[in-house]
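The structure under discussion appears below in the form of structure tokens.
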Amino acid sequence: MQKRRRARLLGLLFVGVLMAALDIAIVGPALPAIQRDFAVGARATAWIFTVFVLFYLVSAPLMAKASDRFGRRRVYTVDVALFAAGSLVVALSPTYGVLLGGRALQAIGAGGIFPVASAIIGDTFPVERRGRALGLIGAVFGLAFLLGPVLGGLLLRFGWPWLFLINLPVAAGLIVAAQWLVPDTRPDAVRPFDWAGAGLLVAALASLALGLSQVDAARLPATLLDPAVGPLFLLAAVLLPLFWRVERGAADAIVPLRLLQARQVRLVALFAVGAGLSEAAVVFLPSLAVTSLGVAETTASFMLLPLVVVLALGAPLAGRLLDTHGARRVITAGLALTAAGLATYGGTAGSLGGFAAGSVLAGMGLAALLGAPLRYVLLSEAAAGDRGASQGLLTIFTSVGQLTGSALVGAVAASSAGGRGFEHALLALGVIMAAMILPALALDGRASGRAAHSDANGP
């Protein structure tokens with residue numbers, strides 16, 4: 001593929017991921033208007049996010065695997081179309097239940113857009129430029145959280161449905177351009193679809209996500225024994241081993257277990273959980289600013305801006321460093337910086353300078369974990385026919401870390417006396433991230449993995 005065509009393809013993928021990521025950040029300003037129009041309470045409004053997270057988590061591995069089976073172009077087009085259809089349903093919803101259904105449809109499409117985009121980069125970019133491409137895509141999330149509230153505030157002047165209707169022309173442009181730019185890669189032979197594995201995975205992830213989303217961190221033991229929560233964890237504990245057993249005998253497994261046989265992949269799975277844990281901690285930083293710095297609740301969210309800016313700027317830099325220094329150095333540095341940032345947040349209560357320093361350190365660290373590096377390693381380790389599945393696998397582990405992190409931070413914060421709960425929780429997460437530095441040294445020190453050289457140049 002010529003350089004100019006690759007650049008256009010990267011632009012297409014960038015806009016697609018930005019559209020999906022903006023939809024997460026842009027919803028916040030619309031919540032009061034949605035709550036008023038549908039006459040629902042705060043607990044019901046939270047389901048706007050819960051439904052999206054649940055269906056995103058379930059969709060990602062299935063859509064990523066589908067792109068291995070049916071081709072990147074076809075699945076990417078379907079994902080964008082589903083996201084647009086969900087946006088239209090949300091905007092025109094006559095009832096709150098229909099709105100939640102639209103959010104689920106959006107999430108199903110969004111769940112495929114990012115992992116399939118990463119797999120496309122693995123197919124079309126040579127190894128020596130793959131890190132830069134992934135880094136640019138990784139910067140989208142920081143950019144989305146910078147632009148989301150501003151764009152949401154502007155569109156809200158015309159009514160909250162326009163926050164979702166704006167996706168329709170963007171999606172239409174993406175679908176047309178994808179037919180021209182996205183390679184139509186398909187396997188030579190398609191084996192029987194793993195229906196049993198897909199069903200078990202969906203049920204297990206849905207049970208786990210629903211259970212974690214309903215955990216009351218302030219009364220954790222009682223919540224786990226709650227008849228509405230405990231059985232969900234029990235069901236997930238039963239289904240996951242059964243899923244593993246089914247996948248071992250599947251002709252074309254949803255999650256190819258051969259991926260997890262590689263030490264590099266198992267290490268990346270560990271770091272993905274850690275990245276998810278740290279990302280969940282970011283949600284609690286406004287609360288830390290309120291309790292430790294005395295910042296007003298109405299302005300506390302602006303305290304996230306330094307971290308988000310550093311994350312947006314650091315992701316492309318991390319991608320470039322991957323191409324020149326390899327994954328081990330970048331990931332190890334990311335873990336160390338994230339650990340230092342979380343520890344700085346937790347150890348400098350009441351200090352604005354300490355909070356700012358923690359934001360810079362954590363932002364740099366998360367840029368090296370949530371952006372390109374982990375995806376880079378998996379693309380290097382996976383064969384061409386497993387690239388999509390590898391990206392779906394990464395989404396699973398990161399999402400589990402995010403959901404677990406929210407419950408963990410809340411539990412530690414609720415159990416700590418003296419108003420230092422959030423500091424203690426962030427310190428604990430900092431220790432966890434620091435403990436991952438030693439395993440990171442076992443990563444391959446080269447700039448590319450063992451599977452990269454066989455088919456890296458793509459079309």
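Can you tell me which residues in segment 21-35 are at pLDDT below 80 and either charged (D, E, K, R) or open to solvent by 30 Å² or more (accessible area, probe 1.4 Å) (or both)? Of everything in segment 21-35, those that are at pLDDT below 80 and either charged (D, E, K, R) or open to solvent by 30 Å² or more (accessible area, probe 1.4 Å) (or both) turn out to be ILE24, GLY28, PRO29. Output the residues belonging to segment 36-46 that are closer than 27 Å to LEU147 by Cα and either at pLDDT 85 or above or touching a Phe, Trp or Tyr at 6+ places or on another chain (Cβ under 8 Å) (or both). ARG36, ASP37, PHE38, ALA44, listed by residue number. How about segment 319-332: which of its residues are of a type outside the set (A, V, I, L, M, F, W, C) and surrounded by fewer than 24 Cβ atoms within 10 Å (Cβ to Cβ)? Scanning segment 319-332 gives ARG320, ASP323, THR324, HIS325, GLY326, ARG328, ARG329, THR332. The residues of segment 219-259 that are open to solvent by less than 30 Å² (accessible area, probe 1.4 Å), of a type outside the set (Asp, Glu) and in a helix (DSSP H, G or I), listed by number, are THR223, GLY230, ALA236, LEU239, PHE243, LEU257, LEU259.
If you check THR299 against the conditions, is it free of Cβ contacts under 8 Å to residues at least 40 places away in the same chain and surrounded by fewer than 24 Cβ atoms within 10 Å (Cβ to Cβ)? Answer is yes for this residue.
Each row is one residue, and each column tells you yes or no for (1) surrounded by 20 or more Cβ atoms within 10 Å (Cβ to Cβ); (2) closer than 21 Å to LEU438 by Cβ; (3) not polar (S, T, N, Q).
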site: LEU337; (1), (2), (3): yes, yes, yes
site: THR348; (1), (2), (3): no, no, no
site: PHE355; (1), (2), (3): yes, no, yes
site: LEU366; (1), (2), (3): yes, yes, yes
site: LEU374; (1), (2), (3): yes, yes, yes
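Within segment 165-177, does at least one residue satisfy the condition of being at pLDDT below 90 and over 21 Å from the mean Cα position of the chain (by Cα)? No, the conditions are met nowhere in segment 165-177. Restricted to segment 205-218, and to residues there that are at pLDDT below 75 and among the polar types (S, T, N, Q), the residue that is surrounded by the fewest Cβ atoms within 10 Å (Cβ to Cβ) is GLN214.
Kindly indicate which of LEU163, LEU168 is assigned to a helix (DSSP H, G or I) and crowded, with 21+ Cβ neighbours inside 10 Å.
Working: LEU168 fails: crowded, with 21+ Cβ neighbours inside 10 Å.
Testing whether each residue is assigned to a helix (DSSP H, G or I) and crowded, with 21+ Cβ neighbours inside 10 Å leaves just LEU163.
Evaluating ALA91 against the criteria (1) crowded, with 17+ Cβ neighbours inside 10 Å; (2) hydrophobic (A, V, I, L, M, F, W, C); (3) closer than 24 Å to ALA209 by Cα leaves one unmet condition, (3).
Sub-7 Å Cβ pairs linking a first residue in segment 134-146 that is within 22 Å of GLY122 (Cβ to Cβ) and in contact (Cβ under 8 Å) with a residue 60 or more places away in the chain to a second residue that is aliphatic (A, V, I, L, M) and not in a helix (DSSP H, G or I), at least 6 apart or interchain, are LEU134/ALA372; GLY135/ALA372; GLY138/ALA372, ordered by first then second residue.
Looking at LEU10, is it at pLDDT 85 or above and either assigned to a helix (DSSP H, G or I) or within 21 Å of GLY319 (Cβ to Cβ) (or both)? The answer is yes for LEU10. Taking segment 90-127 as the range and being among the hydroxyl-bearing types (Ser, Thr, Tyr) and in a helix (DSSP H, G or I) as the test, the residues that pass are TYR96, SER118, THR124. Among the numbered conditions (1) over 19 Å from the mean Cα position of the chain (by Cα); (2) more than 21 Å from THR395 (Cα to Cα), the only one that ARG73 does not meet is (2). Scoring PRO61 on the criteria (1) of a type outside the set (Lys, Arg); (2) in contact with a Ser or Thr (Cβ under 9 Å, 6 or more places away or on another chain); (3) closer than 27 Å to GLY131 by Cβ; (4) surrounded by fewer than 19 Cβ atoms within 10 Å (Cβ to Cβ) leaves a single failure, condition (4). Being modelled with pLDDT of 90 or more and assigned to a helix (DSSP H, G or I) is the requirement here; does VAL202 meet it? Here the answer is no, as VAL202 does not meet what is asked.
What about ARG420, is it over 14 Å from ALA269 (Cα atoms), at pLDDT below 90, open to solvent by less than 10 Å² (accessible area, probe 1.4 Å) and of a type in the set (Lys, Arg)? When the stated conditions are applied, ARG420 does not pass them.
Just one residue in the set PRO286, PRO316, PRO306 is modelled with pLDDT of 85 or more, under 17 Å from THR348 (Cβ atoms) and either touching a helix residue (DSSP H, G or I) at 6+ places or on another chain (Cβ under 7 Å) or crowded, with 17+ Cβ neighbours inside 10 Å (or both); that residue is PRO306. Yes or no: segment 121-138 includes at least one residue that is of a type in the set (Phe, Trp, Tyr) and within 17 Å of THR398 (Cβ to Cβ). The answer is no, given that none of the residues of segment 121-138 is of a type in the set (Phe, Trp, Tyr) and within 17 Å of THR398 (Cβ to Cβ).
The values are calculated or read from the model by the stated rules, or taken from the named source; none is laboratory data. Since the structure is predicted, the reported quantities are computational estimates derived from the model, not experimental observations. So basically every Cβ, Gly included, is an ideal-geometry build from the backbone, and we count neighbours across all protein chains shown. Surface areas here come from the heavy atoms of the whole protein model, side chains and all, with no ligands, DNA or RNA. Shrake-Rupley method; radii C 1.70, N 1.55, O 1.52, S 1.80 Å.
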